[in-house]
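Here the structure comes first, spelled out in structure tokens, and everything after it is commentary.
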Ligand code: ATP
Ligand code: ATP
Ligand code: MG
Ligand code: MG
Ligand code: MG
Ligand code: MG
């Protein structure tokens, strides 16, 4: 429709290019997953299949969008970090957001049956999303630490809550008995009442998941001389955050020192 009398409508579109030299974080989060997880009878507090489904969606995101350098996920959310120099869709926020969220959602639906072969998807899942710009790698690391602290606090609370409920308390009673408790009280409660050592629970539940790029050695058929040749290939993998940040696509994101600890 170039040069038609209708062309002027384009002028109403706003420029939503994100500023240059900033890391772009795309965070997506399941809409009403409290209800969605109940409707689909997710195991509480952590349904491993549901988490692994989120993880495979994230792996597929890194394979599909090469400018994503690292991803961190917990519960029904995932954060994707795009490299600071990305020119993906000229850094237009609406494009990055809409493509990221819709692709993730489609993969979630497509892969559902691989993780829940005996559960029908009863309603279309949806995810909300936002994009945030961070001007320095340090802030991106603090962002990831913030999400991981949130994971820890929620998981510790939910582990206690569901232990109490499964032991016969009503949800209200469980809530009441956890009111005002500190982290150490919760650990104590788990140990005394349920003989659960919180630190021994699966790391994916306590710390979340991450997706990064690994270099793997592979043997290819042959060089000119007919001998097998080894070479390094990039492979997107999911794993524990604290071990694998080093392997993210961008060395500036690697962390030395301890994992983030909750306050
Ligand atoms: P909103 O639409 O505002 O995000 P929400 O119901 O999705 O609301 P969240 O704060 O995002 O609320 O929390 C997600 C909820 O989904 C958790 O509280 C938990 O009940 C449930 N959930 C998500 N993933 C899992 C899982 N793997 N196992 C068990 N429950 C899960
Ligand atoms: P972009 O990712 O930039 O949007 P695109 O390939 O989707 O690129 P569009 O300008 O959106 O390009 O055009 C959509 C194209 O999809 C059309 O040119 C046409 O080839 C194809 N297409 C979409 N819907 C139909 C349809 N119902 N029947 C046949 N072809 C279709
Ligand atoms: Mg939300
Ligand atoms: Mg949610
Ligand atoms: Mg959430
Ligand atoms: Mg199109």
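Bear in mind that the values in this text are calculations on the coordinates, not laboratory data. Because the structure is predicted, anything quoted here is derived from the model rather than measured. No Cβ is skipped: glycine too gets one built from the backbone with ideal geometry, and neighbour counts run over all protein chains shown.
Of note:
- With contacts taken as Cα pairs under 8 Å and at least 6 residues apart, the chain reaches a relative contact order of 23 percent.
- Residues 33, 194, ranked from the fewest to the most other C-beta atoms within 10 Å, line up as 194, 33.
- Convex hull volume per residue in cubic angstrom - Cα atoms of the stretch 16-147: 97
- Taking 181, 159, 85 and counting other C-beta atoms within 10 Å, the order from fewest to most: 85, 181, 159
- In the stretch 16-147, Cα pairs under 8 Å separated by at least six residues give a relative contact order of 43 percent.
- Under conditions of 20 °C and 1.002 mPa s, the chain yields 103 µm² s⁻¹ as its translational diffusion coefficient, taking Rh as the Kirkwood radius over Cα pairs in the Stokes-Einstein equation.
- Degrees, to the nearest 10: 137-166 long Cα axis against longest axis of the chain: 30
- Degrees separating the helix 183-194 axis from the principal Cα axis of the chain, which is the longest one: 60
- You can think of it this way: the chain between residue 234 and residue 203 has 8.7 nm of extra reach, that is 0.36 nm per residue less the Cα-Cα gap.
- Per-pair calculated FRET efficiency, R0 = 45 Å: residue 192 and residue 103 via Cβ, rounded to 0.05: 0.45
- Distance from the Cα centroid of the stretch 166-180 to that of the stretch 1-51 is 35 Å (rounded to whole angstrom).
- Legend: ranking of residues 198, 103, 72, 8 from fewest to most surrounding C-beta atoms inside 10 Å; resulting order 8, 103, 198, 72.
- Per-residue [θ]222 nm for the chain (sum of -39500 (n - 2.57) over DSSP H runs n ≥ 4, rounded to 500): -13000 deg cm²/dmol
- Modelled spin-label separation between residue 170 and residue 41, with each label point placed 7 Å from Cα along the Cα-to-Cβ direction: 2.5 nm.
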